[in-house]
Amino acid sequence: MFRWKLHGNGRTVAPGAVVAPGERLNWGATIAIGLQHVIAMFGATFLVPVLTGFPVSTTLLFSGVGTLLFLLVTRNRLPSYLGSSFAFIAPITAATTMAGTGSALAGIVAVGILLTAIGFIVQFAGLGWVDRVMPPVVAGAIVALIGFNLAPVAWSNFQLQPLPGTITLVAVILFSVLFRGFLGRISIFLGVIVGYVATVIIQAVSGETLIDFGAVEAAPWVGLPTFEFADFTTPATWSVIAMFLPVVLVLVAENVGHVRGVAAMTDATANRSTGRALIADGVATTLAGTFGGSGTTTYGENIGVMAATRVYSTAVYWVAGLTAIVLSLSPKVGAVFNTIPPGVLGGVTTALYGLIGIIGIKIWVDNRVDFSRPVNQYTGAVSLVMAIAGFTMQFGQFQLGAIVLGSVAALVIYHLGNAIARARKTGADDGGPIPAVGPLGGDPA
């Protein structure tokens, strides 16, 4: 498992060639690229705990540990970094307010267990059943509603410090538009840096305290992360778990997309590791949630680094995972990230949460979802409005939030609507009527 064949001369990659998962460059180059992967994942991985109030160092620790677990479970054949998943932000934010951090961690554990179970099923039965349960119109709606549900959170931070928020948002957009490749992929990270520096300058000019560095000065350079445990005993926890379950669909989509991307660039046999990838991410998420870290997922930022460097060696991910673990053992690092002011967070999340929503819409576009069909129209329309408006339903101590209601609505409307359409079409064949058009035009079937 830990034997990598030296690629070429060990220093360069020939034009048109790639360094396969079972290969590596010399150790100097391998370490350098591994550190580059740490930089690529860092902007997104630290942002999730900052936004949710989780300890940055703890999340970073389980990000590194999860990456090493992923490599072990996939038998060192699938390169990937497991960073914090943005899909968890909305349910964590709602769950922490409603029932506390322990219950939010229980929701993460539940997602990890379910994802692990799905991974075992996929490993033995394939992915066809997932596509039938969650076709593109449903998958796109669920991914989009998770992002759009967070819009009020972005605004609540932005309005506290509008000027730093605006500077951060403009910087994120400019870095994304002006740069290609690696720099473009870390535009959010770069935008946070610009916003942070701008806030420091504004503080120096105005004399107003926008950032308090006292906690950074007091934090030790070396120390263990803070651990908190999942709580399954609070009655409200079960409402929280229901709120988290739709996140599983996002993690399945992200992992499957990652495996297919690696397979397209290296070897088609990598697709055989799809089940193992889901199992690995499920185990990593379960472990993180149990001890106080954010749920994990495979990272598009690191896929971008692989595409840019053409180095798909799993050796670089061992370097990246171990580096993340080392960084997590410095409380001062976590304290620095906890000083990021609300205006900067508001600016960056205005872009970030919108981008999560756009990813869902991109699923519709890429799969050419036919929105002339009323069943598709209502699948997207109802679920998105529920999420954006923040629909909730209360049954005693059990509460269903907007994410779960929107996800259930998408699944029920699509599958029930298609079942009714098929039944009515059969009725029409026997003389039963079928309406000619839907509300926006098109055959309802």
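The values are calculated or read from the model by the stated rules, or taken from the named source; none is laboratory data. Fair warning: this is a prediction, and the values are worked out from it, not measured in the lab. Positions of Cβ are backbone-derived with ideal geometry, glycine not excepted, and every protein chain shown enters the neighbour counts.
Against the list (1) assigned to a helix (DSSP H, G or I); (2) within 18 Å of the chain's Cα centre (by Cα); (3) among the hydrophobic types (A, V, I, L, M, F, W, C); (4) buried (at least 24 other Cβ atoms within 10 Å of the Cβ), the condition Leu71 fails is (2).
The set of residues from region 112-154 being among the aromatic types (Phe, Trp, Tyr) and surrounded by 14 or more Cβ atoms within 10 Å (Cβ to Cβ) comprises Phe120, Phe148. Residue pairs whose Cβ atoms lie under 8 Å apart, sitting 6 or more positions apart in sequence or on different chains, and linking a residue in region 186-207 that is touching a residue at least 24 places away in the same chain (Cβ under 8 Å) to a partner that is in a loop (DSSP other than H, G, I, E, B) and surrounded by fewer than 15 Cβ atoms within 10 Å (Cβ to Cβ), are Ile202/Glu208.
Pairing residues of region 90-109 that are more than 14 Å from Phe229 (Cβ to Cβ) and in contact (Cβ under 8 Å) with a residue 12 or more places away in the chain with residues that are surrounded by fewer than 19 Cβ atoms within 10 Å (Cβ to Cβ) and small (Gly, Ala, Ser), at Cβ distances under 7 Å and at least 6 apart in sequence or on separate chains, gives Thr96/Gly53; Met98/Ala236; Ala99/Ala236. Evaluating Gly119 against the criteria (1) modelled with pLDDT under 90; (2) in contact with a Gly (Cβ under 8 Å, 6 or more places away or on another chain) leaves one unmet condition, (1). The residues listed here are Thr52, Thr30, Thr45; of these, the one that is among the polar types (S, T, N, Q) and within 17 Å of Val316 (Cα to Cα) is Thr30. Of Leu174, Leu160, all but one fail to be touching a helix residue (DSSP H, G or I) at 6+ places or on another chain (Cβ under 9 Å), farther than 30 Å from Ala315 by Cα and not in a helix (DSSP H, G or I); the exception is Leu160. Criterion applied to Thr209, Thr199 was being exposed (fewer than 13 other Cβ atoms within 10 Å of the Cβ) and under 20 Å from Val336 (Cβ atoms), and the one residue passing it is Thr209. Restricting Thr233, Thr237 to residues that are within 14 Å of Ala99 (Cα to Cα), β-branched (Val, Ile, Thr) and surrounded by 20 or more Cβ atoms within 10 Å (Cβ to Cβ) narrows the list to Thr237. Being more than 13 Å from the chain's Cα centre (by Cα), closer than 20 Å to Ile142 by Cβ, in the same structural domain as Phe88 (by TED's automatic domain parsing) and not in a loop (DSSP other than H, G, I, E, B) is a description that applies to Gly282.
For region 212-225, the set of residues classified as among the β-branched types (Val, Ile, Thr) and either in contact with an Asp or Glu (Cβ under 9 Å, 6 or more places away or on another chain) or surrounded by 15 or more Cβ atoms within 10 Å (Cβ to Cβ) (or both) consists of Val216 only. Scanning region 251-272 turns up at least one residue that is assigned by TED's automatic domain parsing to the domain that holds Gly64, in a helix (DSSP H, G or I), within 29 Å of Thr101 (Cα to Cα) and out of contact with any helix residue (DSSP H, G or I) (no Cβ under 7 Å at 6 or more places or on another chain). I'd like to check something: does region 257-275 contain any residue that is more than 30 Å from Gly16 (Cβ to Cβ) and of a type in the set (A, V, I, L, M)? Checked against the condition, which is being more than 30 Å from Gly16 (Cβ to Cβ) and of a type in the set (A, V, I, L, M), region 257-275 yields no hits at all. Among the residues of region 9-43, the ones that are of a type in the set (S, T, N, Q) and at positive phi come to 0 in all.
Scanning region 342-399 for residues that are within 30 Å of Pro235 (Cβ to Cβ) and of a type in the set (Val, Ile, Thr) gives Val382, Val385, Ile388, Thr392. Only one entry of Thr379, Thr339, Thr349 meets the criterion of being buried (at least 24 other Cβ atoms within 10 Å of the Cβ) and under 26 Å from Gly195 (Cα atoms), and that entry is Thr349.
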